[in-house]
Amino acid sequence: MVEGNITMKHRKIRHAHSEVIRALLIEDNPGDARLIGEMLAEAKDVQFDLECVKQLAEGFEYLAAKGTDVILLDLSLPDSWGLDTFIKLQARAAEVPIIVLTGTKDETVAVKAVYEGAQDYLVKGQVNSSLLVRAARYAIERKRAEDQLRKYRVHLEELVKERTAQLSTANEQLQREVTDRKLAEDSTKLAYTELNQIFDVAADGLCVINKENKVVRINETLCTLLGISREEAVSKNCREVLRDSICDTPGCPMAKILNGQERVECDVELEDKSGAKIPCILTATPFRGPAGELLGLVENFKDISERKKMEEELQKAQKLESIGILAGGIAHDFNNFLTAIGGSISLAKLYLKPTDKISEILTRGEKAALRAKDLTRQLLTFSRGGAPIKKTTKIKKLLHDIAGFSLSGSKAKYELSLPEDLWPVEIDEGQISQVINNIMINAEQALPEGGVIKVWAENITVSAQTKVPLSKGKYLKIAIKDQGQGITVENLKKIFDPFFTTKSEGSGLGLAIAYSTMKRHGGYILAESQVGVGTTFYIYLPAPDKEILAEREIEKRLYIGHGRILLMDDDQDLRDIAGLMLDHLGYEAEFAVDGAEAIKVYQKAKESGRPFDAVIMDLTIPGGMGGVETIHELLKIAPDIKAIVSSGYSNDPVMSEFSKYGFSDVVLKPYEITDLSGILHKVIRG
């Protein structure tokens with residue numbers, strides 16, 4: 001032991017006939033180490049076998065080799081510092097009580113260590129021998145008590161679990177016995193008292209077969225299913241009547257009943273005269289005489305054709321839902337990437353002259369990012385219907401872009417007839433784009449050899465005399481006409497029904513989604529068709545009395561401001577580029593990864609007298625507190641908070657009704673610097 005440079009590897013402090021406690025001191029200050037050793041040496045009724053090391057890594061080595069009863073830990077070491085020192089040590093020695101040694105300046109960190117699991121903390125310079133010894137002994141005893149309590153709790157939970165399982169097993173057994181007994185009683189009661197009353201009017205197909213396999217009785221329902229008359233069935237062999245429909249099942253029902261089985265249930269397919277298959281659930285039960293003797297069996301055929309269709313449709317819906325969830329997740333991440341890409345490009349262009357060649361190249365990249373934005377919008381529209389995020393829009397460019405996109409690489413061509421004076425419409429561009437895209441794709445598929453799809457639009461005013469189910473007012477009417485084979489009158493009535501399709505590869509959801517989307521927009525969609533001539537779809541969109549040109553000029557203006565902004569987003573790249581954009585706009589930015597961190601940062605800023613002028617929050621934080629939960633807590637701290645919700649999920653109801661949730665406005669991902677400057681100017685400056 002060389003105390004001057006704390007290489008005192010082993011100090012033994014012993015007293016005759018007393019308890020021995022092994023203690024590990026992790027302390028790099030020689031003076032503090034010497035003082036602690038002297039304090040432990042003064043203990044009256046306990047012996048301390050003290051080992052002192054200077055670094056956390058040396059402590060790990062000692063614990064692995066020899067172990068100890070208690071650890072005295074300085075949080076500030078050459079190879080580790082602060083609360084992280086305790087967390088690392090606790091992970092390697094969870095079973096050993098730890099007492100934190102701290103200076104007066106580190107007391108806050110020591111308290112946090114106690115919250116994390118330290119048994120106690122002692123402030124250097126404020127501790128004497130008796131306090132140090134008592135703290136060590138209490139820490140050991142508390143740790144032992146906690147371990148014993150934990151073991152007892154685990155044991156008690158196992159006992160409760162075991163007893164619960166026993167009771168559950170007994171209860172299940174009792175339930176099975178009750179069910180079997182009731183089925184037997186019901187079968188007997190049905191055979192003796194109710195068979196004759198319900199036989200002929202039963203919704204299921206019924207027949208009675210004797211032990212010689214002859215059909216004794218058959219009801220009208222089963223005759224209808226088989227396409228035969230009663231005369232063709234009664235007294236005939238069951239195989240002849242049922243056309244061997246149930247002979248492929250695992251074991252003949254009659255053989256099982258004759259062997260004593262009380263109930264046979266299985267899936268079968270009946271076959272009618274035309275050879276058509278009818279899926280049924282067959283339930284066979286014994287048919288007994290007055291003395292209980294077995295005379296044959298009763299077979300019940302329940303037609304499950306509709307149920308089978310519903311199961312198939314449900315499987316389709318579940319597949320589509322899974323694809324939708326995947327599409328939504330991809331689009332969410334993609335929007336974050338696009339925000340970083342588009343924001344970087346828009347920011348970089350501000351440092352260049354418009355005539356610069358690099359500026360021209362960046363503009364091309366910016367346009368490509370905007371096209372990618374349209375792709376994510378379609379993915380999100382497919383993944384979720386949702387309430388539309390409406391804004392006043394001119395439809396001409398939208399129709400031109402969708403027509404070109406939908407027919408890219410197709411044999412079909414399109415013709416547009418769009419007057420310059422078309423009224424603006426109030427729509428969710430993403431959702432309406434999907435509606436028009438679905439119709440254009442259907443039109444293109446109706447022209448396998450190519451052709452022309454005509455698209456035109458006109459302003460109309462709906463009145464009481466207009467034959468469409470819409471409120472009175474101004475509307476924009478869009479027509480899309482193909483020259484395909486057309487749709488039959490019978491099928492035309494069903495085209496907007498979910499899952500209805502005449503295509504072998506179709507899901508039957510495209511037009512159903514279009515119909516639902518138009519209803520959410522306060523509009524309408526209908527179709528006219530003539531076989532051999534073609535089909536025309538008509539879309540009606542509300543046209544509010546709003547001017548949008550000036551508004552768009554304002555939106556694209558770059559507003560320089562000042563103030564403090566808190567941005568919460570889990571994507572590091574997005575935080576980085578958003579920080580650069582905010583800095584360029586004159587704002588001071590701070591960041592948070594999730595809601596929990598945002599609340600702490602906001603509270604700290606308010607208490608320090610430097611509150612934030614606005615908060616931008618991502619709506620969805622995977623594995624963390626998102627925008628809705630966070631604004632709920634922040635409103636408690638600052639009821640007048642100015643918060644902006646941001647997301648790529650434009651179809652989320654929070655984005656369309658943001659004020660209902662406490663937000664001041666919304667910014668859709670991906671956004672550029674002009675979008676960010678405009679929304680901040682609007683929210684902060686009004």
Förster radius 51 Å - calculated FRET efficiency between Arg142 and Asp267 (Cβ-Cβ, nearest 0.05):
0.20
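Given axes a ≥ b ≥ c from the Cα gyration tensor, I'd like to know whether the stretch 115-185 is rounded (a/c under 1.5), prolate (a/b larger than b/c) or oblate. The partial results should precede the final answer.
Values: a/c = 12.94, a/b = 5.63, b/c = 2.30.
Here the stretch 115-185 falls in the prolate category.
Which value in deg cm²/dmol, rounded to the nearest 500, describes the helix-derived mean residue ellipticity at 222 nm for the chain, given -39,500 (n - 2.57) per DSSP H run of n ≥ 4 and division by the residue count?
Values: 21 runs with 297 residues, N = 686.
Mean residue ellipticity at 222 nm (helix-derived): -14000 deg cm²/dmol.
What do you get for Rg/Rh over the stretch 382-442 if you use C-alpha atoms and the Kirkwood form of Rh?
On the way: Rg = 12.6 Å, Rh = 12.7 Å.
Across the stretch 382-442, the Cα-based Rg/Rh ratio is 0.99.
Hey, can you find the accessible area per residue of the chain for me, probe 1.4 Å, expressed in square angstrom?
On the way: 36740 Å² over 686 residues.
Roughly 54 Å² per residue, with all protein chains present.
Rounded if a/c is under 1.5, else prolate if a/b beats b/c, else oblate: with a ≥ b ≥ c from the C-alpha gyration tensor eigenvalues square-rooted, which is the stretch 33-161? Don't jump to the answer; show the numbers that get you there.
Numbers: a/c = 1.69, a/b = 1.42, b/c = 1.19.
Since a/c reaches 1.5 and a/b is larger than b/c, the shape of the stretch 33-161 is classed as prolate.
Percent of accessible area on the chain owned by carbon and sulfur, 1.4 Å probe?
Details: 19470 of 36740 Å².
For the chain, the apolar C and S fraction of the accessible surface comes to 53 percent.
Wrap a convex hull around the Cα atoms of the stretch 26-97, take a quarter of its surface area, and give that in square nanometres.
Working: hull surface 19.2 nm².
For the stretch 26-97, averaging the hull's shadow over all directions gives 4.8 nm².
Using the Kirkwood formula over every pair of different C-alpha atoms, what hydrodynamic radius in Å results for the stretch 590-686?
Values: mean 1/r = 0.0737 Å⁻¹.
Radius from the Kirkwood sum: 13.6 Å.
Express the C-alpha Rg of the chain as a ratio against the empirical globular expectation 2.2 N^0.38 Å, rounded to two decimals.
On the way: Rg = 39.2 Å, N = 686, 2.2 N^0.38 = 26.3 Å.
That ratio works out to 1.49.
The values are calculated or read from the model by the stated rules, or taken from the named source; none is laboratory data. Just so it is clear, the structure is predicted and the values come from calculations on it, not from any experiment. A quick note on method: Cβ atoms are made from the backbone with ideal geometry, for glycine too, and the neighbour counts reach across all protein chains shown. The protein model used for the area step is the full one, side chains on, heavy atoms only, and it has no ligands, DNA or RNA in it. Shrake-Rupley method; radii C 1.70, N 1.55, O 1.52, S 1.80 Å.
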